[in-house]
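**Q** Before I ask anything, here is the structure I am working with.
Derivation of every value follows stated rules applied to the coordinates shown; laboratory data play no part. Please read all numbers here as calculations on a predicted model, not as lab measurements. No Cβ is skipped: glycine too gets one built from the backbone with ideal geometry, and neighbour counts run over all protein chains shown.
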């Protein structure tokens with residue numbers, strides 16, 4: 001299923017897999033990719049319009065909340 005989370009700046013995101021909190025960049029990531037010796041965070045997400053998460057789950061999320069999984073009915 002999909003996962004919902006909000007970054008420290010208040011931007012709403014949807015992920016294909018459960019993200020992990022990246023404190024150094026204040027965002028959620030799915031994995032870390034190494035390319036030519038450089039380390040890159042793979043956010044693996046799509047941005048959502050502000051207010052989308054509340055419409056989907058009935059409440060707002062903040063950076064302090066854990067990601068919420070969207071489940072099938």
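**Q** Over region 2-60, what is the mean sequence separation of C-alpha contacts under 8 Å (at least six apart), divided by residue count, expressed as relative contact order in percent?
**A** Averaging sequence separation for qualifying contacts and normalising by length gives 29 percent for region 2-60.
**Q** Between residue 22 and residue 71, what is 0.36 nm times their sequence separation minus the Cα-Cα distance? Round to one decimal in nm.
**A** Values: separation 49, 0.36 × 49 = 17.64 nm, distance 2.43 nm.
Separation in residues times 0.36 nm, less the Cα-Cα distance, equals 15.2 nm.
**Q** Beta carbons within 10 angstrom, averaged per residue: use that to sort the peptides 44-56, 3-15, highest first.
**A** In descending order of packing, they fall as 3-15, 44-56.
**Q** While we're here: Report the far tail of the P(r) of the chain, meaning the percent of Cα-Cα pairs longer than 14 Å.
**A** Pairs farther apart than 14 Å: 57 percent.
**Q** Taking 35 Å as R0, compute the FRET efficiency from the Cβ-Cβ separation of residue 36 and residue 63 and round it to 0.05.
**A** Rounded to the nearest 0.05, the efficiency is 0.65.
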